[in-house]
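Engineer: Shown below is the structure under consideration.
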Amino acid sequence: MSEAAARVEWTITDGIADVRLNRPEKLNALDDEMFTALIGTAAELRAEPDLRVVVLSGRGRGFCAGLDLDAFRAMAEGRAFRPADSDVQAAELAGDGDPELTRGQRAVLGFRNLPVPVIAAVHRPALGGGLQLALAAHIRFVAPTATLGLLELNWGVAPDMGGTQLLPRLVGSDVAAEMILTARRVDGVEAERIGLATRSVAEPLTAAMELARTVAARNPDAVRALTTILAAPSFAEGLAAEQAALRTVTGAPNQREAAAAALEKRAPVFVTGAGAARS
């Protein structure tokens, strides 16, 4: 296994992808290999036909402490810092052919744009790029003692992994501006209060896996459709996505099975992969 591949570990069981950042000795800090692993993992997950939901967490004492300090040392010393692969190479790795995104943006949006829900389990620090990665999730369970913040301005730079666009959608433009411009940290309790955390819980990973099992037991076609609907950038596009779901999900085998199981008071048995929903 390459060093990059070892940075992120993941398995799929019963449609649930358990994805874990795996650099615990550095609080899962983002280095070249971690960026490569995140981009590659998201691409691999997208290709999994049985994927139903993703749980994203970090091994060790924290979720992700942000960009590796070596990068900031390089900046302070006037040395050029750039992840090992170019943006074009990152596009090839991601399989989307779009060199316009930076590697950091691609690492975040690779998870944000997966066709299934992503649930982040955040314990202890999620700082800088680490918080931006957590913002890729549709749902965030956060420990009360967790520390979250976009600290980039402390280092003289702006958040550049999508956080400036994702954070205001959760907490509002004024709260996001205050957090970013002051590099202020919040704990899990405040994160829940301002809308940054879905819920503050003592055991985020346990809560995330419990929710994942609930989601994985639902009609996978409807779940994928809802993931698209809920991510619609405008009201009109959301309504159009609802209409598309009505055409492709309603009456398809999995929807009929869900209805039959509900009427018969039994657990449904769904099929996944190509051909599950109507085209």
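The values are calculated or read from the model by the stated rules, or taken from the named source; none is laboratory data. Just so it is clear, the structure is predicted and the values come from calculations on it, not from any experiment. Glycine also receives a Cβ, built like all others from the backbone with ideal geometry; neighbour counts cover every protein chain displayed. In case anyone asks, the SASA skips ligands and DNA or RNA and just uses the protein heavy atoms, side chains included. Shrake-Rupley method; radii C 1.70, N 1.55, O 1.52, S 1.80 Å.
Engineer: Just checking, how many residues over segment 141-186 are open to solvent by 60 Å² or more (accessible area, probe 1.4 Å) and outside any helix (DSSP H, G or I)?
Structural biologist: Counting residues in segment 141-186 that are open to solvent by 60 Å² or more (accessible area, probe 1.4 Å) and outside any helix (DSSP H, G or I) gives 6.
Engineer: Only helices (runs of 4 or more DSSP H) wholly contained in segment 51-135 count here; list those with 3 or more residues that are on the phi > 0 side of the Ramachandran plot, at pLDDT below 95 and touching a Lys or Arg at 6+ places or on another chain (Cβ under 6 Å). Full working, then the answer.
Structural biologist: Details: elements: 69-76, 87-94, 103-112, 129-134.
Helices (runs of 4 or more DSSP H) meeting the threshold: none at all.
Engineer: Are any of the residues in segment 222-235 among the hydroxyl-bearing types (Ser, Thr, Tyr) and in a helix (DSSP H, G or I)?
Structural biologist: yes
Engineer: Could you please let me know if Gly130 is open to solvent by less than 10 Å² (accessible area, probe 1.4 Å) and either closer than 18 Å to Leu27 by Cβ or of a type outside the set (Ser, Thr, Tyr) (or both)?
Structural biologist: Spelling it out, Gly130 is indeed open to solvent by less than 10 Å² (accessible area, probe 1.4 Å) and either closer than 18 Å to Leu27 by Cβ or of a type outside the set (Ser, Thr, Tyr) (or both).
Engineer: Also, I was wondering about something else. In the list Leu211, Leu196, which residue meets the criterion of being in a helix (DSSP H, G or I), in contact (Cβ under 8 Å) with a residue 12 or more places away in the chain and within 18 Å of Val118 (Cβ to Cβ)?
Structural biologist: Values: Leu196 fails: in a helix (DSSP H, G or I).
Just a single option satisfies the conditions, and that option is Leu211.
Engineer: Here's something else I'd like to know. Out of everything in segment 187-203 that is of a type outside the set (Gly, Ala, Ser) and within 17 Å of the chain's Cα centre (by Cα), what residue ends up being least open to solvent (accessible area, probe 1.4 Å)? Show your work before the answer.
Structural biologist: Initial filter on segment 187-203 (of a type outside the set (Gly, Ala, Ser)): 187, 189-190, 192-194, 196, 198-199, 201, 203.
From the residues that got through so far, the ones that are within 17 Å of the chain's Cα centre (by Cα) too are 196, 198-199.
Details: Leu196: 1, Thr198: 71, Arg199: 119 Å².
My answer is Leu196.
Engineer: Pairs under 9 Å by beta carbon, first residue on the phi > 0 side of the Ramachandran plot in segment 244-272, partner open to solvent by 80 Å² or more (accessible area, probe 1.4 Å), six or more apart or different chains?
Structural biologist: Pairs found: Gly251/Arg278.
Engineer: For segment 1-16: of the residues being at pLDDT 90 or above and either open to solvent by 50 Å² or more (accessible area, probe 1.4 Å) or over 18 Å from the mean Cα position of the chain (by Cα) (or both), which is farthest from Leu45 (Cα to Cα)? Walk me through how you get there before you give the answer.
Structural biologist: Going residue by residue through segment 1-16, those that are at pLDDT 90 or above are 6-16.
Applying the additional criterion that residues be either open to solvent by 50 Å² or more (accessible area, probe 1.4 Å) or over 18 Å from the mean Cα position of the chain (by Cα) (or both) yields 6, 9-14.
Working: Ala6: 16, Glu9: 12, Trp10: 9, Thr11: 10, Ile12: 9, Thr13: 13, Asp14: 14 Å.
Filtering segment 1-16 for residues that are at pLDDT 90 or above and either open to solvent by 50 Å² or more (accessible area, probe 1.4 Å) or over 18 Å from the mean Cα position of the chain (by Cα) (or both), the one farthest from Leu45 (Cα to Cα) comes out as Ala6.
Engineer: When you go through Thr228, Thr206 one by one, which is the residue that is open to solvent by 30 Å² or more (accessible area, probe 1.4 Å), modelled with pLDDT of 95 or more and in contact with a Pro (Cβ under 8 Å, 6 or more places away or on another chain)?
Structural biologist: Step by step, each of Thr228, Thr206 is checked, and only Thr228 is open to solvent by 30 Å² or more (accessible area, probe 1.4 Å), modelled with pLDDT of 95 or more and in contact with a Pro (Cβ under 8 Å, 6 or more places away or on another chain).
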